[in-house]
Amino acid sequence: MAGWPNSRARLLRRTRPSRSLLVLSLVMVASLALGGCAKRDAANYAHAACRHVETSLSVFARAQANSNAADATTERATALAELRTAMPLAALAASDSSEWQALAATLGESSRVPESTLVPSLTAQCGAALSGHT
């Protein structure tokens with residue numbers, strides 16, 4: 001009978017959840033919760049980037065239709081500046097959610113490719129962000 005209390009204590013230790021299991025469970029729950037926040041942040045960053053893209057595309061279209069060469073050059077520079085402003089926002093969105101990597105990559109091409117070439121891609125990629133569908 002003297003060994004019985006020790007056996008019972010050992011059995012209780014084995015059946016009680018350990019602290020490490022509890023900590024692991026809390027970490028998993030927290031990471032899932034933060035993952036949801038990151039996706040929401042990504043959509044907000046993408047939306048902000050796409051507002052700049054929308055402005056850029058509008059100014060670029062005006063530049064294409066402008067018959068005054070000096071004004072058209074200024075408008076194209078303004079449009080490019082808007083794209084450059086969108087780049088870090090798109091990069092933040094892409095770092096939070098891979099669904100925005102294409103937008104970040106397309107904006108990254110703005111230093112190498114004419115904006116006229118990027119218009120269809122940017123229009124399509126920002127369509128979802130600006131309409132609220134991600």
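By how many nm would the segment from Asn66 to Ser98 grow when fully extended, if each residue of separation counts as 0.36 nm and the alpha-carbon distance is taken off?
Working: separation 32, 0.36 × 32 = 11.52 nm, distance 3.76 nm.
My answer for the length gained is 7.8 nm.
Given the peptides 96-109, 118-131, 44-57, arrange them by the average over their residues of other C-beta atoms within 10 Å, most packed first.
Working: 96-109: 18.9, 118-131: 16.9, 44-57: 22.1.
Those peptides, ordered most packed to least, come out 44-57, 96-109, 118-131.
Expressed in nm to one decimal, what extension gain is obtained for the pair Ser131 and Arg84 from 0.36 nm per residue of sequence separation less their Cα-Cα distance? Intermediate results must be reported in sequence, preceding the final value.
Working: separation 47, 0.36 × 47 = 16.92 nm, distance 2.20 nm.
Between Ser131 and Arg84, full extension yields 14.7 nm more.
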Any chance you could run the full-extension gain for Arg112 through Asn44? It's 0.36 nm times the residue separation minus the Cα-Cα distance, nm to one decimal.
21.8 nm
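Each value in this text was obtained by applying a stated rule to the coordinates, not by laboratory testing. The model shown is predicted, which means the values in this text are computed figures rather than measured ones. Please note: Cβ atoms are built from the backbone with ideal geometry, for glycine as well, and neighbour counts cover all protein chains shown.
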